[in-house]
Amino acid sequence: MKFALVNTLECAFLWQTTDSVGSILKNKTKENILKEFSKVTEGLVDSILYHQPDDKKKNRGFCFLEYSDHKSAAQARRRLMSGKVKVWGNVVTVGWADPVEEPDPEVVAKVRVLFVRNVATTFLTEEILVTEEMLEKSFFGKPKRVKKLKDYAFVHFEDRGAAVKAVDEMNGKEIEGEEIEIVLVKPPDRKRKEG
C-alpha cells in the first residue's frame, strides 16, 4: 500500500507509515527536518518536502515523515501530538497522510495528459514567466492543449504515444532555467467519486 503526500488529519490506516506534519519553519531543508525529527522520534526513514512556487529556498510549511513501520509512525504521531515535544521551539501539527490507491492498469494505459512540475515562475532577477505557448513549443508531438497554473502545468496530447514520448524525452530537461519533472496524470479515483 502506498501513501499520498497530503496534509490531512484523518484516521489512521492499519499499516500507515507516513505522518504529515504542519507548522514547519519555512526556511528548513529536508536535511534539517530529518536531523531535527530524528532527535525526537525513532524509525524515521525519509522526509518529503515541497517548495514554494515563487521561492525555491522556502518550503510550504509542512512535510511528510516516512517511518520504517506503522508502530514507529504511530509512536511519533502520538509523541508529536502531545504538545510536550517541540521542534525548533515550536509545537507542530501532526496527522496521517492519505493512502494512494493504484488506479486500474487498463485506465492508466489510456492516459494522454502530463503533469509538469517546476515550471519557472521567475528567471534570475527578471520576471520571465513561462507561458502556455512556450510550453507548447517545448514539447514534441504537438500538444492538443496546455494549461499552466503557478509553477506547474497540464499538457494534453491527442494520443498516448506522443505523451509517453514527451515524458521520456523531456523529463529532467531545463525550460527557462528550471529542471522540469514530468509524469503521466493519474486518472481520478472512481471509488472516491462514488463514495
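The values are calculated or read from the model by the stated rules, or taken from the named source; none is laboratory data. Since this is a predicted model, take the numbers as computed values, not measurements. FYI the Cβ positions are ideal-geometry reconstructions off the backbone, even for glycines, and counts take in every protein chain you see.
Things to note:
- The condition of being outside the structural domain of LYS56 (by TED's automatic domain parsing) and either under 30 Å from SER23 (Cβ atoms) or modelled with pLDDT of 85 or more (or both) holds for only one of GLY172, GLY177, GLY89, GLY141, that being GLY172.
- In the range 75-103, the residues that are more than 16 Å from LEU34 (Cα to Cα) and aromatic (Phe, Trp, Tyr): TRP96
- Every test in (1) over 26 Å from TYR152 (Cα atoms); (2) surrounded by fewer than 17 Cβ atoms within 10 Å (Cβ to Cβ) is passed by LEU80 save one, and that test is (2).
- SER72 meets each of the listed conditions (1) under 27 Å from ALA120 (Cα atoms); (2) at pLDDT 90 or above apart from (1).
- Verdict on ARG78 being touching a residue at least 12 places away in the same chain (Cβ under 8 Å) and on the phi < 0 side of the Ramachandran plot: no
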